[in-house]
Every structure is written in C-alpha cells, then in structure tokens.
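Engineer: Quick one: the structure is below, questions incoming.
Read the figures in this text as sums done on the coordinates, not as results from a lab. Remember, it's a predicted structure, so these values are computed and weren't measured experimentally. Glycine gets a Cβ as well: all are built from the backbone with ideal geometry, and neighbour counts include every protein chain shown.
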Amino acid sequence: MILLSYEIGKNTPVYGGSGFPEVTQGKCLDHGDSCNTLNLNFSNHTGTHIDCPFHFDPNGKRLTDYPAEFWFSTKVSLLDLDKKPEAGTLIGPEHIGTKANLLDPKTEILFLKTHWGDSRSSEEYWKNPPGIAPDMSDFLRNTFVNLRIFGFDLISLSSYTNREVGRTAHRKFLNRKDPILILEDVNFLNLGSDILKLQNVLIAPLWLEGADGSPCTVFGNVGL
C-alpha cells in the first residue's frame with residue numbers, strides 16, 4: 001500500500017499563494033500539559049483534496065451526501081503525459097486522446113500524471129501551472145462511462161493564470177446531472193516504477209458535515 005496524498009504542514013503550497021496552513025501546538029507534554037494536541041487552521045481546499053458539486057453549485061451534492069462505497073474502487077486507471085507540459089497550458093482531449101482510448105472504459109477513478117508534482121516545492125507550482133480545459137469533462141464522460149473521480153498532480157483544475165476558464169471547467173466537471181468529482185494535488189512520487197500497476201484506491205476525506213470539498217488521505221495498492 002502506498003500514499004497518493006501529501007501531508008499538510010506550513011510548507012504546503014496553496015492556490016493563489018496565500019492562506020497557508022497554520023498548524024500550531026495546543027497542549028504540550030513538555031510544558032506540563034496532560035497530553036499533546038495541535039490546533040489547525042486552513043482551507044478545506046488545502047493539500048490533496050476533493051472538490052464536490054456544491055463547490056460551484058448551490059444545489060449540488062455535498063461531501064457527506066456520498067456513501068462510503070463511493071470512495072473505494074478497483075476500477076482505476078492512470079494516464080501519464082510522459083512530458084511535463086509548459087506553464088499555463090490548458091490540458092485537453094488532444095493531450096490524452098490516444099492513450100485514453102486504450103484504457104478500461106469502465107474506469108471509475110482516473111488519474112492523470114502531468115509531472116508538475118516534481119515542481120511542488122517551487123513557486124511555479126501554484127503561480128503558473130497548467131490547468132484542465134473545460135472540454136476535457138465531456139471527453140472523459142464519453143470515454144469512461146462510469147467515471148466518478150478525476151485526480152491529477154496539479155494544485156487545481158484551474159490554472160492561476162486562466163482563472164475564468166478554470167471556473168468554467170469546474171462547473172462542467174461538477175454539474176449536478178452527471179458530476180465527475182475532482183481530486184487535486186495528488187502525490188505520484190511514491191508510485192515510482194509501479195505507476196501503471198495501480199490496482200485499487202481508497203480515498204478518505206476529512207468527513208466535514210455539508211462541505212463542498214475536503215482534504216483527503218488517498219491510499220493505493222499496486223499489483224505485480
């Protein structure tokens with residue numbers, strides 16, 4: 001089993017470069033308290049996190065509207081772009097079409113490795129990353145008939161330099177009729193040479209009542 005999510009800490013990159021997580025000591029055994037605790041202050045869209053329809057639709061489903069079985073799947077596929085796209089690129093069907101058609105059409109969780117995770121410790125990761133083009137949503141729906149979650153190693157579906165296009169893309173993915181939930185800031189660094197051997201995935205969101213999204217711990221199993 002491997003982790004496909006990042007830990008949240010003071011150096012976690014955030015969209016727009018502001019509102020960094022605050023993780024401070026609460027109680028402390030070294031100070032004579034009865035136990036150790038932490039105080040947490042950060043957006044629910046921090047680190048590896050899920051976007052639900054309510055994020056952009058006041059009548060869309062919220063996190064806790066989804067049953068437990070929704071978050072686990074054995075029908076998992078991964079697309080690797082092979083080459084890191086240029087900053088500000090809008091990644092669309094033309095970037096993945098040939099490869100996508102070779103994958104299981106019954107895929108439920110689809111990952112896209114853009115290789116931008118290699119730049120996560122630098123400012124460019126949040127400031128001028130690629131985004132996902134709005135027409136990608138319809139392409140994925142037509143290619144993967146059971147798709148429910150789309151995850152990738154970008155800080156957001158929306159490039160910070162193309163925010164209006166990014167909002168349109170979010171609305172198209174998260175539309176209430178046929179939503180594809182968005183899993184952002186996925187960690188592929190632990191996969192290594194096993195990147196194409198991902199067998200199943202469990203996504204464990206912080207179970208926040210009525211939330212539009214939530215930080216997630218994502219576990220994956222790889223096979224031979």
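Engineer: Would you list which lysines come within 18 Å of residue 61, measuring only between C-alpha atoms, while excluding same-chain residues fewer than 8 positions from it?
Structural biologist: Correct list for residue 61: 172, 177.
Engineer: Quick one: net charge around residue 107, please, counting Lys, Arg +1 and Asp, Glu -1 for every other residue with C-beta under 10 Å from its C-beta. Each step should come with its number before you reach the end.
Structural biologist: Details: positive: 75, 106, 148; negative: 104, 108.
My count for the surroundings of residue 107 gives +1.
Engineer: Hey, what do the phi angles of region 180-189 turn into as Karplus ³J(HN,Hα) couplings, whole Hz, using 6.51/-1.76/1.60 and θ = phi - 60°, x for Gly and Pro?
Structural biologist: Calculated HN-Hα couplings, in order: 10, 5, 10, 10, 9, 6, 7, 9, 9, 5 Hz.
Engineer: Could I ask something else about it? Above 20 Å lies some portion of the pair distances; for region 2-222, what is it as a whole percent of all C-alpha pairs? Numbers along the way, then the final one.
Structural biologist: Values: 14109 of 24310 pairs.
Looking at region 2-222, the distances longer than 20 Å represent 58 percent of pairs.
Engineer: State the antiparallel share, in %, of DSSP beta bridges confined to the chain, rounding to the nearest 5. List each step's numbers first, then the result.
Structural biologist: Numbers: 21 of 35 bridges.
Roughly 60 percent of the DSSP beta bridges within the chain come out antiparallel.
Engineer: Continuing with this model, one more query. Between 104, 82, 185, find the one with the highest GNM mean-square fluctuation for the chain; connect C-alpha pairs within less than 10 Å.
Structural biologist: Highest fluctuation of the listed residues: 82.
Engineer: Can you list the aspartates and glutamates whose alpha carbon is less than 15 Å from that of residue 10, not counting same-chain residues fewer than 8 positions off?
Structural biologist: Correct list for residue 10: 22, 123.
Engineer: Amide H of residue 112 versus every other amide H placed in the peptide plane: which residues, excluding those fewer than 5 positions away on the same chain, fall under 5 Å?
Structural biologist: 79, 151, 152, 153
Engineer: Hey, what number do you get for the chain at 222 nm if only DSSP H runs of n ≥ 4 count, each worth -39500 (n - 2.57), divided across all residues, to the nearest 500? Each step should come with its number before you reach the end.
Structural biologist: Numbers: 4 runs with 31 residues, N = 224.
Helices in the chain give a 222 nm mean residue ellipticity of -3500 deg cm²/dmol.
Engineer: A follow-up question, please. As a test of understanding, state the convex hull volume per residue of region 107-186 from its alpha carbons, in Å³. Walk me through the numbers before you get to the answer.
Structural biologist: Working: hull volume 5.7 nm³, N = 80.
Considering the Cα atoms of region 107-186, their hull volume per residue is 71 Å³.
Engineer: Can you work out ³J(HN,Hα) from phi for every residue in region 169-179, in order, using Karplus 6.51 cos²θ - 1.76 cosθ + 1.60 and θ = phi - 60°, giving whole Hz and x for Gly and Pro?
Structural biologist: Those phi angles translate into 4, 4, 5, 5, 5, 9, 4, 5, 5, 8, x Hz.
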